[in-house]
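**Q** Provided herewith is a single structure, encoded as structure tokens, for subsequent inquiry.
The values are calculated or read from the model by the stated rules, or taken from the named source; none is laboratory data. All figures in this text were calculated on a predicted structure; none of them were measured in a lab. Note: ideal-geometry Cβ built from the backbone for every residue, glycine included; neighbour counts use all protein chains shown. These area figures cover heavy atoms from the full protein model, side chains too; ligands, DNA and RNA do not enter into them. Shrake-Rupley method; radii C 1.70, N 1.55, O 1.52, S 1.80 Å.
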Amino acid sequence: MDGFMVKLLKLEKFSFGVGDRFAHQAKAQLKAFILAAQQGVEVTPVWNKSNREHVIVGSEPSGARAAVEAAVKALGWTKAYHVDADHIGLATVDRFIPHSDFYTIDVADWIGKPADTRAVDAFIDSHPELVGRISIPQIEWPFQTTAGDVRGVVAKYLLAVQEAGKIYRHIAQAKGAQNFITEVSMDETDSPQTPPELLIILAAIADEKIPIQTIAPKFTGRFNKGVDYVGDVAQFEKEFSEDLAVIDFAVKQYGLPNTLKLSVHSGSDKFSIYGPMRRALARFGSGLHIKTAGTTWLEEVIGLAEAGGDGLALAREIYAGALAHAQELCAPYATVIDIDFKKLPSAATVNGWSAKQFTSALRHDQSNPEYNPHLRQLIHVGYKIAAKMGNRYLDALEKYEDTVARNVTANLYERHMKLLLAGTSRVASRSAAVPAQETAASL
Ligand SMILES: [Zn+2]
């Protein structure tokens, strides 16, 4: 069954979303992908920036694209790369159309809003396979659903999927359906989506004829910005594996693009679940899209601090500014941070810190007793302070480019790609058309 006649711009098996708030690190980021490629691991860079980020920083989608193009040219990158209009909706997408070839359609705000009851009835009538016992290969216990369960899930998500369809068609009309990659995201919401819910959502997405290639559900547990996963790792591994099984099943059952894979948002720094994720991906031969969240911006501050002198002074100033404006900075991120304000050092204390003390507190090294996740989360949301510094901040990035770039590259390559993708190039792919790459090298 092939529900999608349109030829697609296909997303590669492993892709890594990187953010570059101030459009100065694309080269340093691309270097991490080059290092991975040299080890035989093909990871496609996707530069993502949301409208929210553009508004806070005061940047434009054209500038994000230009920074990427410059890096690709400077480093002679000849493989695929993409620019993602992250978390867009109908109201915000238009400014991205000329500059992005990847669209993350965010419909989280539509979840739970009532859909037309006739549409819900029609969906249930046309999907008898979703009611009763659903046996999915590689899931130990079949899902057991009643018509009432399915109705509840459809009622909760159908309007969101219909909205995703509207946004998809709007982009397709403006850009041509074959010219972009579509993601649907539902992560920025209160309750996680279970694997059976994901199956029903994918059926609805197929009915809506959205050629989705990545889907971002909300997983169980906390995905706080810039810090490790908080939750039951075993439970996460089970849910993640079941999601992979559901995706494989839905691709066959509903004719969704065979490039469809999970997208893990706020996926940077979740070190405790990288092992479980890597094992599950290998078991299923699945690909993955992972979006990092602000981790590059934090490396900029680390690099400035490490440089010492006025770089360190600027880093201290950013901390003091973030501390003074903590309430307003944290408000938009309330659901994705957990800061214990009692564990934040005073600005005076930090002003007395050496470069080593500052970087030890900020760098995500859990084996370092000086590491302070509360300070790290506060600086994560504090990029507005640097944005307000304007050229003073950008000039410092340029002055200390070497130190900053070294940290940006090492963070992506050593702490993320190595832990997540080690050995994946030797794992068989889902599609027989894409043979597994046999290589002796591993990260
Ligand atoms: Zn997200």
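**Q** Whose amide H sits under 5 Å from the amide H of residue 82, counting only residues 5 or more places off or on another chain, with H placed in the peptide plane?
**A** Sorted by chain and number, the residues that satisfy this are 46, 47.
**Q** Taking the Cβ of residue 76 as the center, what net charge do the other residues with Cβ under 14 Å away carry, scoring Lys and Arg +1 and Asp and Glu -1? Provide the component values of the computation, followed by the final result.
**A** Values: positive: 27, 31, 73, 79; negative: 69.
Net of charged neighbours comes to +3.
**Q** Per residue, how much space in cubic angstrom lies within the convex hull of the C-alpha atoms of the stretch 310-363?
**A** 90 Å³
**Q** Return the single residue from 341, 271, 236 with maximal mean-square fluctuation; model: Gaussian network over the chain, springs between Cα atoms under 10 Å.
**A** 341
**Q** Using the C-alpha atoms of the stretch 65-196, what convex hull volume per residue, in cubic angstrom, is computed? Mind showing how you got there, number by number?
**A** Values: hull volume 21.9 nm³, N = 132.
Taking the convex hull of the Cα positions in the stretch 65-196, it is 166 Å³ per residue.
**Q** Still on this structure, please answer the following. Restricting the calculation to Cα positions, tell me the Rg (one decimal) and the Dmax (whole number) of the stretch 239-366 in Å.
**A** 20.0, 61
**Q** If you don't mind, another one. Pop out the carbon and sulfur fraction of the accessible area of the stretch 41-159 as a percent, whole number, probe 1.4 Å. Spell out each step's value before the answer.
**A** Values: 3140 of 5540 Å².
Carbon with sulfur: 57 percent of the solvent-accessible area.
**Q** Could you work out which residue, out of 104, 296, 92, moves most in a Gaussian network model of the chain, that is, has the largest mean-square fluctuation with Cα springs under 10 Å?
**A** For the chain, modelled as a Gaussian network with Cα springs under 10 Å, the answer is 92.
**Q** A further question on this structure: At residue 341 and residue 357, where each label point lies 7 Å from the Cα along Cα→Cβ, what is the point-to-point distance in nanometres?
**A** Using points 7 Å along Cα→Cβ, the separation is 2.4 nm.
**Q** Right, next: Say the cut-off is 21 Å between C-alpha atoms; which of 13/252; 209/252; 73/270; 13/418 go over it?
**A** 73/270
**Q** If I model a spin label as a point 7 Å beyond the Cα along the Cα-Cβ vector, how far apart are those points for residue 94 and residue 327 in nm?
**A** The two pseudo-label positions are separated by 3.7 nm.
**Q** Just to confirm a number: summing +1 for Lys and Arg and -1 for Asp and Glu over residues other than residue 365 whose beta-carbon lies under 13 angstrom from that of residue 365, what do you get? Don't skip to the end; give the middle numbers.
**A** Numbers: positive: 356, 363, 376, 415; negative: 228, 269, 299, 370, 414.
That works out to -1.
**Q** Normalised radius of gyration for the chain, please: alpha carbon Rg relative to 2.2 N^0.38 Å, two decimal places.
**A** Details: Rg = 21.8 Å, N = 443, 2.2 N^0.38 = 22.3 Å.
The chain yields a ratio of 0.98.
**Q** Binning every alpha carbon pair distance of the stretch 172-216 at 10 Å from zero, what are the percents per bin?
**A** Taking all Cα pairs of the stretch 172-216, the binned fractions are 23, 50, 22, 5 percent.
**Q** With an 8 Å cut-off on Cα pairs and a minimum separation of 6 or more residues, tell me the relative contact order of the chain in percent. Please list the in-between numbers first.
**A** Details: 784 pairs, mean separation 82.1, N = 443.
After rounding, I find 19 percent.
**Q** What are the extents of the Cα atoms of the stretch 123-183 along their three principal axes, listed from largest to smallest and rounded to whole Å?
**A** Extents along the principal axes: 43, 27, 17 Å.
**Q** Also: Could you give the spread of the C-alpha atoms of the stretch 79-131 along their three principal axes, from largest to smallest, in whole angstroms?
**A** 43, 29, 15
**Q** Can I ask one more? Along the positive direction of the dipole of the stretch 122-206 (beta-carbon charges: Lys, Arg +1; Asp, Glu -1; about the Cα centre), which of 179, 124, 155 reaches farthest?
**A** 179
**Q** Additional query: Determine the dipole magnitude for the stretch 250-379: charges of +1 sit on the beta-carbon of Lys and Arg, -1 on that of Asp and Glu, nothing else is charged, the reference point is the Cα centre, and the result goes in debye to the nearest 20. List each step's numbers first, then the result.
**A** Working: 13 positive and 11 negative charges, 171 e Å.
Result for the stretch 250-379 is approximately 820 debye, rounded to the nearest 20.
**Q** In addition: Once the dipole of the chain is set up with Lys and Arg at +1 and Asp and Glu at -1 on Cβ about the Cα centre, which of 196, 256, 80 lies farthest towards its positive end?
**A** Checking the options against the dipole of the chain, the answer is 80.
**Q** Summing -39500 (n - 2.57) over the DSSP H runs of n ≥ 4 in the chain and dividing by its residue number, what mean residue ellipticity at 222 nm do you reach, to the nearest 500 deg cm²/dmol?
**A** Numbers: 18 runs with 209 residues, N = 443.
So the calculated ellipticity at 222 nm is -14500 deg cm²/dmol.
**Q** Turning to a different aspect of this structure: With the other protein chains left in place, how much accessible area per residue, in square angstrom, belongs to the chain at a 1.4 angstrom probe? List each step's numbers first, then the result.
**A** Working: 17570 Å² over 443 residues.
I get 40 Å² per residue for the chain.
**Q** Run the dipole for the stretch 175-332 about the Cα centre, Lys and Arg Cβ at +1, Asp and Glu Cβ at -1, nothing else charged, and hand back the magnitude in debye, nearest 20.
**A** On the way: 14 positive and 21 negative charges, 110 e Å.
It works out to roughly 520 debye.
**Q** Further, regarding this structure: Which of the residue pairs 31/356; 49/261; 10/388 have a Cα-Cα distance greater than 28 Å in the structure shown? Could the numbers behind the result be given before it?
**A** Working: 31/356 25 Å; 49/261 20 Å; 10/388 38 Å.
The answer is 10/388.
**Q** While we're here: Can you tell which of 70, 250, 28 shows the greatest fluctuation in a Gaussian network model of the chain with Cα springs below 10 Å?
**A** Largest GNM mean-square fluctuation: 70.
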